[in-house]
Amino acid sequence: QGYDVFAMFMQNWHDTEGTLHGDCEWEEDRLVAEMVAKKIGIPFHFVDLSDEYRKRVVDYMFSEYEQGRTPNPDVLCNREIKFDAFLDAALKLGADMVATGHYCRKDEITGPDGKPIYRIFEGVDPGKDQSYFLCQLNQEQLSRALFPIGHLLKKEVRQIAAEAALPSATKKDSQGICFVGKVDLPEFLKQKLKSRDGNIVEVYPDFYTGNPHFKFQQETLDSITADGTKANMVTGYISEDKCTDTLSSNNYSPDKIAGLSDETLERLATTYRYDSIKFITETYRSGRKHVKKTRFKANPWGKIIGTHDGAQFFTIGQRHGLNVGGHDDSLFVIATDIDSNTVYAGEGHTHPGLSRSCLKIESGQIHWIRPDLKMNESEIRRYRVRIRYRQPLQDAWLIQRSNSLYIIFDEPQRGITPGQFAVWYNADDEMVGSGVIY
């Protein structure tokens, strides 16, 4: 494209503890990068940002898990490292821009004040779009960013690399935590977070029958449907490309949503509490010798089905790692209680505790990539939203109130997770804002 280019590689991690390969993947990555730079005849520079990465990404990640939230280190890495610390290092070497291999697109328009406004769009390859990971970038960072492959499919990029005989042409995609590598997450977290034995409690669907909070949410959602029909409160989502056939989206009225009070929206976004499920012990005699034993009395709302080594190692919607058998359908984590060190689980994709229709983003956590599109208080807008990487975009209403931003989805979402990022796009595939889920 006519740019004067040099290559720059950053090392962000030294430790091998917790990694599945037990070696430093960055060493191989650096070797390949140097070989590519040599092949195309450009200078190569190396910078060690491991201290910054530990302070601004990894320490944050440990802190969030310790408090029972699930952070996204890759989003933080882009905001704090790639387009901050790394960008500063590149500028000191004389760079004007930083080009990365993210699958997304960028353009520039002129704002009402005559100043440029930078826009970021989904990548053309639907299976590789990485715009989600850039959801916390600001206008200054975007002004220095180039995304030269966002208009290509992954296979086209590999073909171009192969035709140029680049050593990276057949290199496998990176996996795991950004610049740490593929890890056993609980083992990685145990470097700082202590293990504590606790109970896994299965919550039965009967818990929600007559539950005041469930009743409130059902009645509130029913009250804002456009035609007065009963709102569906269970997701049809099974996987990124699969859903049930029996559940449909809700048609909510923006005028009725506008009539909801701040208090009502707050309660609608509040998750269920399961600490009312108590287990009382009783003694009984067993066997021919009538040996006295102790057991828990049967509870119609739930049952202790196993143990774990720390609620902080689990996340909402998680299916693997519970290590509990004897169920016809999959078990999912529906809640964790850090104080009591309890993990709550529910059976099946349509378990009521797995679905939520409304989430909250506190005012201090709202980020507009396009500040010129910032919502005013009491404003309601229509956007498409995703709450995890690679999730298909979901139709939703955004409601800005004085204290927080609320998002009500047409279809209930599975596994809405505190600490993760909700990201919203307009109809033209432009990513315009994001926020940390409360």
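The values are calculated or read from the model by the stated rules, or taken from the named source; none is laboratory data. The model shown is predicted, which means the values in this text are computed figures rather than measured ones. Heads up, the Cβs are rebuilt from the backbone with ideal geometry, glycines too, and the neighbour counts pull from every protein chain shown. Accessible surface areas use protein heavy atoms only, side chains included; no ligands, DNA or RNA. Shrake-Rupley method; radii C 1.70, N 1.55, O 1.52, S 1.80 Å.
Assorted remarks:
- Bridge type composition, the chain - antiparallel percent by DSSP, nearest 5: 85 percent
- Whole-number D in µm² s⁻¹ for the stretch 253-293, Kirkwood Cα-pair radius fed into Stokes-Einstein, 4 °C, 1.567 mPa s: 86 µm²/s
- Of the residues 146, 134, ranked by 1.4 Å probe accessible area with the largest first, the sequence reads 146, 134.
- Residue-averaged 222 nm ellipticity for the chain, from DSSP H runs of 4+ at -39500 (n - 2.57), nearest 500: -5000 deg cm²/dmol
- Taking each residue as 0.36 nm, the span from residue 4 to residue 299 lengthens on full extension beyond its C-alpha to C-alpha distance by 99.2 nm.
- For the stretch 1-148: Kirkwood Rh in Å [reciprocal of mean 1/r, alpha carbons]: 17.1 Å
- Restriction of the GluC sites (Glu not before Pro) in the stretch 278-377 to DSSP coil positions whose beta-carbon has at most 15 other beta-carbons within 10 angstrom yields 377.
- Distance from the stretch 358-413 to the stretch 43-80 (C-alpha centre basis), Å: 25 Å
- Accessible surface of the chain, 1.4 Å probe, proportion on carbon and sulfur as whole %: 48 percent
- Accessible surface ranking for 110, 350, 1.4 angstrom probe, highest first: 110, 350.
- Semi-axis lengths, Å, the stretch 350-391, gyration tensor of Cα atoms, sqrt of 5 times eigenvalues: 25, 14, 11
- Largest-first ellipsoid semi-axes for the stretch 188-309, taking √(5λ) over the Cα gyration tensor eigenvalues, angstrom: 40, 20, 16
- Inverse mean reciprocal Cα-Cα distance (Kirkwood Rh) of the chain, Å: 24.2 Å
- Only the Cβ atoms of Lys and Arg (+1) and of Asp and Glu (-1) were treated as charged; on that basis the dipole of the stretch 60-211 about its Cα centre amounts to roughly 400 debye.
- Span per principal axis, largest first, for the Cα atoms of the stretch 56-140 (Å): 46, 35, 27
- For the stretch 352-438, diffusion coefficient by Stokes-Einstein and Kirkwood Rh (Cα), 4 °C, 1.567 mPa s, µm²/s: 101 µm²/s
- Kirkwood-type radius of the stretch 60-217, with distances r between different C-alpha atoms, in Å: 19.5 Å
- The mean accessible area for residues of the chain, using a 1.4 Å probe and ignoring ligands and nucleic acids, is 51 Å² per residue.
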